[in-house]
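One structure below.
Read-outs throughout are calculated quantities, based only on the coordinates presented, and are distinct from any laboratory measurement. Remember, predicted model here, so these are calculated numbers, not experimental data. Every residue, glycine among them, receives a Cβ derived from its backbone with ideal geometry; neighbour counts consider all protein chains shown.
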Amino acid sequence: MATAKNFIDFVLDAKDNRQLAVTFMQLANTEDFIAFFADHGYDIAEGDIGKIIEARRFFAEVSRPHGDDRY
C-alpha cells in the first residue's frame, strides 16, 4: 500500500535537491505553496500551509551551528 508523500518527505527530498529547496524558499503566498506541493506530488493539507510558512520563517532565521553548538 503506497502512502502519500507528506511535508517530512518534502524536507528529506529537499535536503538532496537544491533546486527544490530554493524554489520552496522563494514561494510567496498560500496559493503558491498549494500549487508547488501538488505539482511535486506532496499531499499537504491546505490548513497546514500557514504552519509550514511559519516553520520556514523560523528555520530561515536560525543561525548555523558554530563550533561546540549542539542542537
- request: With the condition kept exactly as written, say whether any residue in the range 37-44 is surrounded by 12 or more Cβ atoms within 10 Å (Cβ to Cβ), assigned to a helix (DSSP H, G or I), touching a residue at least 12 places away in the same chain (Cβ under 8 Å) and among the aliphatic types (A, V, I, L, M).
  value: no
- request: Just give me the residues in the range 2-16 being exposed (fewer than 14 other Cβ atoms within 10 Å of the Cβ) and not in a helix (DSSP H, G or I), in sequence order.
  value: 2, 3, 4, 16
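When you check residue 21 against the structure, is it part of a helix (DSSP H, G or I), of a type in the set (Gly, Ala, Ser) and surrounded by 12 or more Cβ atoms within 10 Å (Cβ to Cβ), yes or no?
So residue 21 passes the test.
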Filter result for residue 30 (under 20 Å from residue 59 (Cα atoms), touching a Gly at 6+ places or on another chain (Cβ under 8 Å) and among the hydroxyl-bearing types (Ser, Thr, Tyr)): yes
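If a residue must be outside any helix (DSSP H, G or I) and among the aliphatic types (A, V, I, L, M), how many such residues does the range 24-36 contain? Don't jump to the end; show me each part of the working.
Of all residues in the range 24-36, those outside any helix (DSSP H, G or I) come to 26-29.
Imposing the further condition that a residue be among the aliphatic types (A, V, I, L, M) reduces the set to 27-28.
Residues flagged as outside any helix (DSSP H, G or I) and among the aliphatic types (A, V, I, L, M) within the range 24-36 amount to 2.
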query: Within the range 45-69, can you find the residues that are among the small types (Gly, Ala, Ser), surrounded by fewer than 11 Cβ atoms within 10 Å (Cβ to Cβ) and assigned to a helix (DSSP H, G or I)?
result: 47, 60
task: Consider only pairs whose beta carbons are under 9 Å apart and that are at least six residues apart or on different chains; among these, list those whose first residue lies in the range 52-64 and is without any contact (Cβ under 8 Å) to a residue 40 or more places away in the chain and whose second residue is part of a helix (DSSP H, G or I).
output: 53/30; 53/33; 55/7; 56/24; 56/25; 60/25
